[in-house]
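These notes are about the structure you will find just below.
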Amino acid sequence: MTSTALEPPAVGEPAPRRRQATRQKLTAHRRKEALTFYLFISPWVIGFVVFLLGPMLFSIYLSFTEWDSFTAPVWVGLDNYITLLTDDPIFMKVMGNTAYYSLISVPLGMVVSLFIANLLNKKVRFRKLFRTLVYLPHLIPIVAVALIFQMVFAPEAGPLNQALALIGIDGPNWLMDASWVKPALILMSLWQAGGGTILLLAGMNGIPKELYEAAEIDGASGFRQFWSVTFPQLTPVIFFNLIMGIIGSFQVFAQVFILTGGGPDNASQMAVPMLFDEAFRFYHMGYGSAIAWILFVVIMAFTALAFATSGRWVFYESEVRQ
Amino acid sequence: MGAVGAAAGLAACGGGSSSAGGVPESDEDHTSFVMTVWGGEEDKNAYQARIDLAKEKFPDYDITLQLIPSENYEQKVQTMISSKTGPDIMQVAENVNVYASKKQLVPIDELLAEAGLDLEETFGPVGANYTWDGATYGVPDRSGAMVLYYNKDLFDEAGVDYPSADWDWDDFLEAAKALTDPDKGQFGYGGVGWWPQWFSLVAQNGGNVLDPETGAPGVNSPEAVEALQFAHDLYFTHEVAPTEVDYSNMGPEMGADGAFQQGLVAMNSTGFWAVGGNAAIEGLNWDIAPFFHGAQSAVSAFGSALVIPTAAKNPKGSFEIIQFLTSLEGQTPIADKGQDVPANLELQGSDAFLDPDWLEADVNLQAFPDSADMIFTPKFIPEWNEMQKAIDDAMAAFWLGDADAQTTADDLQGRLERIIKPSE
């Protein structure tokens, strides 16, 4: 991603088409090269097939069975899926929670990390120190983060509500109030937005200075420069953050598991903690597998949606638009 | 070696399920045993000491202790059993019938009869805990009633008599009120939000969260609702117990046990483990008494049993070891090392338990044997974990004062009926 940004800007010239390679006869050298390729890729291919593809296929099968993990699986056809989608008291709520969390925390996280990256790209004193500080939360294990936020969110003694009290707001019981627990988890996710910031900063460093000089000569304001130069040049990084954010946030687990356990009354229960409960605490392996596959489809759908719209807003320097 | 183990496991498993209710064939040449237990370092020491005694008793047997951290125990054992590498002896608690109902445990009635071991005589009412569908599966190993811890200094300050087994709900409530001082942030009682606590209140009032015979839920019976109302009033009418909100304001991970140690609650009902914790607190002047009673006497207990998985290669050998480990001699290290309350009643009443070397403080450990007769045990249904989740979910608003007892009980009853398939 950053390497494409390092190439000189394409100015009007059509990009060279390299995909004209016709079928070539495999020379001895090329055959050897291919062999080396397969040799070196094989650990990962084998690893994928054995540790990922195998279990995935098995879990598809399991999702059509009722299996307590002790006695033999019983084939139930689509029953698990039908129950989940029509008759489960919490599944829809859980998927709703997961979508709520994802659809708010991801865009918000992207805005915050872009904002911070833009600030840290300015020539300020202690810039390196600030950059380190911004990334630091990303390095703390999520378990520790959860314990810290347990204190932060404490109803009266917590620093967050004490700060709110200073400006006359009576803060909620964040983690115990059904309508505030999801915003609390989102707030916590923002604290770790530093991971995206680092990628954006790297992307910003790759933007050619000439573009800013040209913009300045044209009389563009700081904001205009950001909006017309920085932002378009960063869209590949932002797109990457978006895709990773969608995938990661739909699979949110540790925060929920440690901080709320899904409570109160499933107000913060998410898809992965629910499937963990079903499969490993309630001994419904088949049901848990079905949840996993529904989640997989949902994540794929959102990712596909992001890719489908990316043509309209993601700008790669090597390509030229008419 | 793995393949051999797997084949043997399959064979043993097949034998167990075909002869329903019987003891599978024992391979008496198989003399190495794996025993899985949960816990931390202290538990490991106590179990290892007991296994060392067992090795002296059975020099031919090679017994390996496998200690698994509590939070991973069920998943780990589940994985071991389903990959046919299950243990030969296994510790179980409320989860016993997850395994028994799926034919993963050896019924031991025949073995008990052969050995002449009467569980209820040796262990009291908890002897009948580990049964399913008319068969016995576990020998009780640890069993300590929930007791009432109290802070003597706070009682003396408030001029309240120390608690005793004679206390009923009114005596208790009166004391709790006198011991509550909002100005000091001090509460009379740690609360009843945890299932062993409010299940006890329901049982004391003549109700049953789970039917003792079938396991069918009955949490919205008038007796149960009345008990829940009493619990609710402790928090929101009399305000003698800290709510979850109060606890989270006291500090992270704060609960009744921690608040008791800091002198923020004057009474707390919990298990044996708090004895060691409290004894380590400098300047904390405390003691224990049996839990109070309602219309009836009833108190939850915390315990575990030892069982034999069907995949065990030498069930007879496993049983011999279990029989020894649960005998007076085999359980003595539990008392000596202050790990827990041994289930064996004779040992509970002996000086080894009541006046141990590890405890300097003068604590009335007699409260544990005194409570043994009051112990009630909810039916250990196979859906135990799901039930716990349903309880947490349905009662979240109740413990915060946002829902009343009847509505909560009706809601919970509906959720439990959906989960629990009562046995015949």
For this session: Return the only residue of A:237, A:252, A:229, A:181 being within 14 Å of chain B (Cβ to nearest Cβ), crowded, with 16+ Cβ neighbours inside 10 Å and of a type in the set (Val, Ile, Thr).
Result: A:181
Exercise. Residues in the range A:216-226 that are of a type in the set (A, V, I, L, M) and surrounded by fewer than 16 Cβ atoms within 10 Å (Cβ to Cβ): how many?
Worked result: 1
Exercise. Quick one: is residue B:207 out of contact with any His (no Cβ under 9 Å at 6 or more places or on another chain), closer than 21 Å to residue B:375 by Cβ, assigned to a loop (DSSP other than H, G, I, E, B) and without any contact (Cβ under 8 Å) to a residue 60 or more places away in the chain?
Worked result: yes
For this session: Output the residues belonging to the range B:389-413 that are assigned to a helix (DSSP H, G or I) and either among the aromatic types (Phe, Trp, Tyr) or at the interface with chain A (Cβ under 9 Å from one of its Cβ atoms) (or both).
Result: B:389, B:392, B:393, B:394, B:395, B:396, B:397, B:398, B:399
For this session: Kindly list the number of the only condition in (1) assigned to a loop (DSSP other than H, G, I, E, B); (2) closer than 30 Å to residue B:25 by Cβ that fails for residue B:306.
Result: (1)
Exercise. Quick one: would you say residue A:167 is in the same structural domain as residue A:201 (by TED's automatic domain parsing) and at pLDDT below 90?
Worked result: no
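Going by the conditions given, is residue A:285 under 19 Å from residue B:95 (Cβ atoms), aliphatic (A, V, I, L, M), within 11 Å of another protein chain (Cβ to nearest Cβ) and in contact with a helix residue (DSSP H, G or I) (Cβ under 9 Å, 6 or more places away or on another chain)?
For residue A:285, the condition - under 19 Å from residue B:95 (Cβ atoms), aliphatic (A, V, I, L, M), within 11 Å of another protein chain (Cβ to nearest Cβ) and in contact with a helix residue (DSSP H, G or I) (Cβ under 9 Å, 6 or more places away or on another chain) - is met.
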For this session: Tell me which of these residue B:296 doesn't satisfy, since it passes every other one: (1) in a helix (DSSP H, G or I); (2) more than 14 Å from every other protein chain (Cβ to nearest Cβ).
Result: (1)
Exercise. Going by the structure shown, is residue B:258 within 14 Å of another protein chain (Cβ to nearest Cβ) and either outside any loop (DSSP other than H, G, I, E, B) or more than 24 Å from residue B:166 (Cα to Cα) (or both)?
Worked result: yes
Problem set entry | Qualifying residue in the range A:197-212 (condition: more than 30 Å from residue A:88 (Cβ to Cβ) and of a type in the set (S, T, N, Q)) | yes
Problem set entry | Residue check, residue A:252 out of contact with any strand residue (DSSP E or B) (no Cβ under 6 Å at 6 or more places or on another chain), of a type outside the set (Ser, Thr, Tyr) and outside any helix (DSSP H, G or I) | yes
For this session: Tell me, please, whether a residue that is among the aliphatic types (A, V, I, L, M), part of a helix (DSSP H, G or I) and over 22 Å from the mean Cα position of the chain (by Cα) can be found in the range A:273-285.
Result: yes
Problem set entry | All positions within the range B:297-337 that are among the polar types (S, T, N, Q) and in contact with a Gly (Cβ under 6 Å, 6 or more places away or on another chain) | B:310
Seminar exercise, completed: residue B:221 passes all but one of the listed conditions (1) more than 14 Å from chain A (Cβ to nearest Cβ); (2) closer than 21 Å to residue B:175 by Cβ; (3) more than 24 Å from the chain's Cα centre (by Cα); the exception is number (2)
Problem set entry | Failed condition for residue A:117, given (1) within 14 Å of another protein chain (Cβ to nearest Cβ); (2) farther than 21 Å from residue A:267 by Cβ | (1)
Exercise. Can you spot a residue in the range B:357-364 that is within 13 Å of chain A (Cβ to nearest Cβ), over 24 Å from residue B:299 (Cα atoms) and in contact with a helix residue (DSSP H, G or I) (Cβ under 9 Å, 6 or more places away or on another chain)?
Worked result: no
Exercise. Restricting the search to the range A:265-301, which residues are at pLDDT 95 or above, farther than 13 Å from residue A:251 by Cα and surrounded by fewer than 19 Cβ atoms within 10 Å (Cβ to Cβ)?
Worked result: A:301
For this session: Take the residues in the range B:73-82 that are in contact with a helix residue (DSSP H, G or I) (Cβ under 8 Å, 6 or more places away or on another chain) and surrounded by fewer than 21 Cβ atoms within 10 Å (Cβ to Cβ), then tell me which one is nearest to the other protein chains (Cβ to nearest Cβ).
Result: B:75
Problem set entry | Residues (in contact with a Leu (Cβ under 8 Å, 6 or more places away or on another chain) and more than 14 Å from every other protein chain (Cβ to nearest Cβ)) located in the range B:368-388 | B:369, B:372, B:378, B:379
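From A:133, A:147, A:160, A:129, which residue is surrounded by fewer than 19 Cβ atoms within 10 Å (Cβ to Cβ), out of contact with any Gly (no Cβ under 8 Å at 6 or more places or on another chain), within 14 Å of chain B (Cβ to nearest Cβ) and not basic (Lys, Arg)?
From the options A:133, A:147, A:160, A:129, the qualifying one is A:147.
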Problem set entry | Residue that is surrounded by the most Cβ atoms within 10 Å (Cβ to Cβ), among those in the range B:224-254 that are without any contact (Cβ under 8 Å) to a residue 12 or more places away in the chain and within 14 Å of another protein chain (Cβ to nearest Cβ) | B:248
Seminar exercise, completed: By residue number, the members of the range B:245-279 that are over 22 Å from the mean Cα position of the chain (by Cα), of a type outside the set (Ser, Thr, Tyr) and at pLDDT below 90 are B:245, B:249, B:250, B:251, B:252
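Yes or no, residue by residue, for (1) among the hydrophobic types (A, V, I, L, M, F, W, C); (2) at pLDDT 95 or above; (3) in contact with a helix residue (DSSP H, G or I) (Cβ under 7 Å, 6 or more places away or on another chain):
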residue	(1), (2), (3)
B:189	no, yes, yes
B:198	yes, yes, yes
B:201	yes, yes, yes
B:214	no, no, no
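The values are calculated or read from the model by the stated rules, or taken from the named source; none is laboratory data. This structure is a prediction, so every number in the text was calculated from the model and none was measured. Every residue, glycine among them, receives a Cβ derived from its backbone with ideal geometry; neighbour counts consider all protein chains shown.
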